[in-house]
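Peer 1: Quick one: this structure, given as structure tokens, is what I'll be asking you about.
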Amino acid sequence: MISSALIFASLCFGVGQLLCLYRVVFAPGVADRVLALDTMTINMIALITLFGIFYDTAVYFEATLLFALVGFVSTVAYAKFILRGDIIE
């Protein structure tokens, strides 16, 4: 039962990932693209966590933490770039 729920959740997050990819490519503004990239990061974190539960290994959870850290830093860098025009002062 848990494996079918994990597969269903993975499919749902995969569809969400594809919809966010569509939004990144065809967004009307830069802010919309940054928001879609941040949402893609969250969806990827969920997918990696689901794979870790499915395969019953802790390596995926460590990868999830690293991916979350890199996603947060990149979102802050994109936001700073939009507001000021440069990243490093």
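The values are calculated or read from the model by the stated rules, or taken from the named source; none is laboratory data. Please read all numbers here as calculations on a predicted model, not as lab measurements. Glycine also receives a Cβ, built like all others from the backbone with ideal geometry; neighbour counts cover every protein chain displayed.
Peer 1: Is one or more of the residues making up region 31-40 more than 17 Å from G71 (Cβ to Cβ) and either in contact with a Lys or Arg (Cβ under 9 Å, 6 or more places away or on another chain) or at pLDDT 95 or above (or both)?
Peer 2: Taking every residue of region 31-40 in turn, at least one turns out to be more than 17 Å from G71 (Cβ to Cβ) and either in contact with a Lys or Arg (Cβ under 9 Å, 6 or more places away or on another chain) or at pLDDT 95 or above (or both).
Peer 1: Here is a further query. Taking the condition of being touching a Phe, Trp or Tyr at 6+ places or on another chain (Cβ under 8 Å) and of a type in the set (S, T, N, Q), how many residues in region 31-89 meet it?
Peer 2: Going through region 31-89 one residue at a time, the tally reaches 3.
Peer 1: Inside region 74-89, can you point out the residues that are surrounded by 10 or more Cβ atoms within 10 Å (Cβ to Cβ) and at pLDDT 80 or above?
Peer 2: Narrowing region 74-89 to residues surrounded by 10 or more Cβ atoms within 10 Å (Cβ to Cβ): 74-82, 87.
Across region 74-89, the qualifying residues are S74, T75, V76, A77, Y78, A79, K80, F81, I82.
Peer 1: Only one residue in L37, L18 is without any contact (Cβ under 8 Å) to a residue 60 or more places away in the chain and surrounded by fewer than 16 Cβ atoms within 10 Å (Cβ to Cβ), so which one is that? Explain how you work it out, then say what you get.
Peer 2: Numbers: L37 fails: surrounded by fewer than 16 Cβ atoms within 10 Å (Cβ to Cβ).
None of the other options fit; the residue is L18.
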